[in-house]
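Here the structure is laid out as structure tokens; the discussion comes afterwards.
Bear in mind these aren't lab numbers, they're just calculated from the coordinates by the rules spelled out. Predicted model, so just to flag it, every value in this text is computed and none were measured. Cβ: placed from backbone, ideal geometry, glycine included. Neighbour counts: every protein chain shown.
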Amino acid sequence: MSEIKNNTVLSGVQPSGDLHIGNYLGAIKNFVRLQKDYSCFFCIVDLHAITVKQDPKILRKNTLEVAATYIASGIDPKKSVVFNQSSISAHSELAWIFNCVTRMGWLNRMTQFKDKAGKDKENASSGLFIYPNLMAADILIYKATHVPVGNDQKQHLELTRDIAQKFNRDFKCENFFPIPEPIIDNDISRIMSLKDGTQKMSKSDLSENSRISLLDESDEIIKKIKKAKTADTVMPDKIEEILKISEINNLLNIYAGFSEVQKDILIDKYKGQNFSKFKADLSDIIVDQLKPITAEIKKLMQDEGYLLEILLEGQNKASEVAQKTINEVYDIVGLLRNET
Ligand code: AQP
């Protein structure tokens, strides 16, 4: 039986639209840092994306775009394993086993299904309902010990931990799957919409002005920040006051996320002022950091062959680990296979 490798990270992003600064601050920027200390698997979770309707041609383009974004943001494909989920069939195979381990009651409690299915639950795909089982398989097929996620995915990670524990217990294979830990940075783990501080910034929000895309040009970023909702007041001087106005708190979180300056220092700098200088400085910082990334994404998107090569290299590396785990799982579960 293969050993649980310490300090293995797995995370992924759905190719469900143009990535935004929520995906960048809440996930990708963190991925880049983690490469130093962890053995990392970063996948493009295309099977998750199809739990809601996708246009096949756009899905293909978006998959390459996530790969380009990973690399442009600083993920080194020589150090980390970069691949798309559907290229490793063991994810789906393990997900089926987990469909049989997870209890309906556990899935019924998942708030993301309720949010995404909305009022029309009868019409939601069954894939959307069992999505957390596939996410658990993504993580556990590599026996990942740590998972960097935004706050929205915390509940799914807790479910992954429950599945790992139940599998280990039911099949009497203590410690076979590790119990993965989340890596969450609370302030930037939920970047909110620029139009409504109570809604998460999201690729699928119908309004372009709700988010800053990683493909936005500088003038669009400046315009969106100018338009971003604040309040008819000046910048409050106390964090307790700021927390009451979610739009201001959100802009401060974005500023802190990009600048890596602590929020209380930013509050001290801008307290008592109206928001025009704060917004101008915030745009400058975002533009400065995103400009080279945006340019690199666009350049990489012109070289599909290179991106496909990286994904194939990642697929080969991921497959070695995933195949080993699924073989062990089949043995543990008692599924007969005639090895040739
Ligand atoms: N607004 C956000 N703030 C912080 N982190 C976020 N993430 C997503 N939105 C925010 C984190 O980015 C990673 C990849 O997310 P995903 O693409 O797999 O799925 P999602 O959370 O469903 O992202 P979107 O943008 O809201 O996409 P759609 O609209 O397609 O559903 C995850 O780690 C996530 O936490």
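Tabulated values for the structure
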read-out	value
From phi via Karplus (6.51, -1.76, 1.60), per-residue ³J(HN,Hα) for region 311-320 in Hz, x at Gly/Pro	5, 5, 4, x, 4, 5, 5, 5, 4, 4
Karplus-derived HN-Hα couplings along region 36-51 (A = 6.51, B = -1.76, C = 1.60, θ = phi - 60°), whole Hz, x at Gly and Pro	5, 10, 10, 8, 10, 10, 10, 10, 9, 8, 5, 5, 5, 4, 7, 6
Coarse-grained scattering of region 232-305 at q = 0.21, 0.26 Å⁻¹, given as base-10 log I(q)/I(0) from a Debye sum over alpha-carbon atoms	-0.87, -1.20
Amide H partners (placed H, <5 Å) of Phe41, local residues excluded	Val9, Leu10, Ser11, Val81
Of Lys224/Lys298; Lys114/Lys324; Lys121/Lys200; Lys143/Lys203; Lys224/Lys271; Lys195/Lys263, pairs whose Cα-Cα distance is over 26 Å	Lys114/Lys324; Lys143/Lys203
Mean projected area in nm² (Cα convex hull; one quarter of hull surface) for region 57-167	8.3 nm²
Global geometry of region 1-90, whether rounded, prolate or oblate, following the gyration tensor of its Cα atoms and the 1.5 cut on a/c	oblate
Evaluated at q = 0.16 Å⁻¹: base-10 log I(q)/I(0), Debye formula over Cα of the chain	-1.41
Normalised contact order of region 208-299, rounded percent, pairs of Cα under 8 Å and 6 or more residues apart	40 percent
C-alpha long axis of helix 126-140 to longest principal axis of the chain, angle in °	80 degrees
R0 of 22 Å, Cβ-Cβ distance Arg60-Asn316: FRET efficiency to nearest 0.05	0.60
FRET efficiency, 1/(1 + (r/R0)^6) with R0 51 Å, evaluated for Lys269 and Asn123 via beta carbons	0.55
Trypsin sites (Lys or Arg not before Pro) lying in DSSP loop within region 110-160, provided at most 13 other Cβ fall within 10 Å	Lys119
Binned Cα-Cα distances of region 185-340, short to long, each 10 Å bin given as a whole percent	9, 29, 23, 15, 13, 8, 2, 0
Percent antiparallel among DSSP beta bridges (both partners in the chain, rounded to 5)	10 percent
Given 10 as the ceiling on other Cβ atoms within 10 Å, longest exposed-site-free region of the chain for GluC sites (Glu not before Pro) in DSSP loops	4-173
For the chain, calculated [θ]222 nm from helices alone, where every DSSP H run of n ≥ 4 adds -39500 (n - 2.57)	-16500 deg cm²/dmol
About the Cα centre, charge dipole magnitude for the chain (Lys/Arg +1, Asp/Glu -1 at Cβ), debye	520 debye
Using θ = phi - 60° and Karplus 6.51 cos²θ - 1.76 cosθ + 1.60, couplings along region 111-119 (whole Hz; Gly, Pro as x)	6, 5, 4, 4, 5, 6, 6, x, 7
Lys/Arg +1, Asp/Glu -1 at C-beta; region 208-299 dipole; positive extreme among Gln289, Met235, Ser210	Ser210
Check: region 238-300 dipole with +1 on Lys, Arg Cβ and -1 on Asp, Glu Cβ, in debye	180 debye
